[in-house]
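Inspection log for the structure reproduced underneath, given as structure tokens.
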Amino acid sequence: QVQLVESGGGLVQAGGSLRLSCAASGRTFRMGWFRQAPGKEREFVAAIWWSGGAIQYADSVKGRSTISKDNAKNTVYLQINTLKPEDTAVYYCTGDPRATGPWDYWGQGTQVTVSS
């Protein structure tokens, strides 16, 4: 079982930026981020594949977010710029040993609150 540890959440003013980090204890084929706002279902934010570096973004963050990886540190980052109050959510790091399909590994989540 791979452990995922997130960091970097907090309180940010609207229009600001935030970078989340997720360190994995073992190997994965892909890693990503989901988020869950109060009263809403968990939703996909972004994903990156270790081999080849393919990337996907949700439309809600596309153009103002960057997901990146550090192979040496086995860590994935999510930078979100121009934050909006609707970005407020618990952000979960996720990983999986396969290229597609359900995500197997989940972090504990980190709170991001964007004030207006």
Residue list for the stretch 48-64, restricted to those being closer than 22 Å to Thr28 by Cα, without any contact (Cβ under 8 Å) to a residue 40 or more places away in the chain and either of a type in the set (Lys, Arg) or part of a strand (DSSP E or B) (or both): Ile48, Ile55, Gln56, Tyr57
Within the stretch 65-99, tally of residues that are within 11 Å of Arg30 (Cβ to Cβ) and in contact with a Cys (Cβ under 7 Å, 6 or more places away or on another chain): 1
Residue that is farthest from Ala47 (Cα to Cα), among those in the stretch 78-116 that are touching a helix residue (DSSP H, G or I) at 6+ places or on another chain (Cβ under 7 Å) and either among the basic types (Lys, Arg) or surrounded by 13 or more Cβ atoms within 10 Å (Cβ to Cβ) (or both): Val114
Sole exception among (1) out of contact with any strand residue (DSSP E or B) (no Cβ under 6 Å at 6 or more places or on another chain); (2) under 20 Å from Thr113 (Cα atoms); (3) open to solvent by less than 80 Å² (accessible area, probe 1.4 Å) for Arg35, by number: (1)
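The values are calculated or read from the model by the stated rules, or taken from the named source; none is laboratory data. Treat the numbers as computed from the prediction; the structure is a model and nothing was measured. Counting neighbours? That spans all protein chains shown, and the Cβs are built from the backbone with ideal geometry, glycine included. Each accessible area value is taken on the protein alone, full model and side chains, heavy atoms only, with ligands, DNA and RNA left out. Shrake-Rupley method; radii C 1.70, N 1.55, O 1.52, S 1.80 Å.
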